[in-house]
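Have a look at the structure below before the remarks.
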Amino acid sequence: MSNLLDKPLSADLLINFLESNYSDLLNKKSKGFKTHFNNCQKLLIECKMIDEINKLKDHFGKIKVIPQLEIQEISLKDYLEMREYILSLKGNDKRIESRIKTFNVLSINLIYGYRGSEFWAIQNLNEPCTYQGKVFKALNDRTNKDNIAVLNSYFIVTDNQGNQHKITVKTDSRISIPMIHPDYPNLFELLDLKGQQIKRHIPIPNANSKPSIIANCCFNWLKTRLRNYSKKLPSKFTQTHALRHLANYFYLEVA
């Protein structure tokens, strides 16, 4: 809500903010919109603006959330087979390059249990970086056995008119350790993440798009690619969050 700080706080301001940035979530009756609405309501509560709270609640009424599709599941074996199959499909260099970039994102998210867009905030994919005074090796470095990923609190995308947009991730900057299943100790090698450049695709959003569309451009690109791949598979796999669940399952198995 940083773009609201230079204006007097009011229900009208928050209503305009919600409808301008999250109308797509409101139309879908998504849980995400209710989360943003609750955050706005908490802001008014903290400022003890009772009349404005009532005005905000009256405008949107009771927010009904329609449950989303059932969460998909995928095993590591199925993921590896899916990746091998999609990368083996014929195509021109551009298509093959796009597949590699897509699976770089999916594979990293699988290993670290990241949310969809957090991949783009990694600082040490292909080169070392310093975090809190300590140097961390690049993830693609064959000598890197710890494989600690350094995540920034944001990443930058540039739209088609050259404007830069700071996209924040859900959590603050931090380091993360890989969650490797004991049956697959060489998972980095299996996923071709060592000894070569980990390719990172950066979408170029339209400058006239809504802020919410620009903020989600990387994740939407990933979802679209995965949805297209799923058409070539015997079973549907379109939810990137299933990889996060799978990584957490690895962690519980090892712990």
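In whole Hz, with x marking every Gly and Pro, tabulate ³J(HN,Hα) for region 51-63 from phi via Karplus 6.51 cos²θ - 1.76 cosθ + 1.60, θ = phi - 60°.
With the stated coefficients, region 51-63 comes to 4, 6, 4, 5, 5, 5, 5, 5, 5, 8, x, 6, 8 Hz.
Rounded, prolate or oblate: which fits region 81-215, taking a ≥ b ≥ c as square roots of the Cα gyration tensor eigenvalues, rounded meaning a/c under 1.5, else prolate when a/b beats b/c?
Here region 81-215 falls in the oblate category.
If you roll a 1.4 Å probe over region 10-51 with all protein chains in place, what percent of the accessible area is carbon or sulfur?
Heavy-atom surface of region 10-51 belonging to carbon and sulfur, 1.4 Å probe: 52 percent.
So what's the net charge close to Ile167: Lys and Arg +1, Asp and Glu -1, counting the other residues with Cβ under 12 Å from its Cβ?
0
Please report how far the C-alpha centroid of region 196-233 lies from that of region 73-138, rounded to the nearest whole angstrom.
13 Å
Compute, for Asp93, the solvent-accessible surface of its heavy atoms (probe 1.4 Å) with the complete set of protein chains present, and express it in square angstrom to the nearest 10.
Around 130 Å² of this residue is reachable by solvent.
Taking all protein chains together and a probe of 1.4 Å, list Met82, Met49 from the most accessible to the least accessible.
Largest accessible area first, the residues go Met49, Met82.
Can you tell me the accessible area per residue over region 21-178, all protein chains present, probe 1.4 angstrom, in square angstrom?
On a per-residue basis, 60 Å².
How about Lys62: which lysines have a C-alpha closer than 26 Å to its C-alpha, ignoring those fewer than 8 places off in the same chain?
Lys28, Lys29, Lys31, Lys34, Lys42, Lys48, Lys210
Let a ≥ b ≥ c be the square roots of the eigenvalues of the Cα gyration tensor of region 140-210; is it rounded (a/c under 1.5), or, if not, prolate (a/b larger than b/c) or oblate?
Judged from the Cα gyration tensor, region 140-210 comes out prolate (a/c at least 1.5, a/b above b/c).
The values are calculated or read from the model by the stated rules, or taken from the named source; none is laboratory data. As the structure is a computational prediction, the values presented were derived from the model and not from experiment. Using ideal geometry, Cβ is built from the backbone for each residue, glycine included, and neighbour counts are taken over all protein chains shown. To get the accessible areas, we keep the full protein, side chains included, count just its heavy atoms, and leave off ligands, DNA and RNA. Shrake-Rupley method; radii C 1.70, N 1.55, O 1.52, S 1.80 Å.
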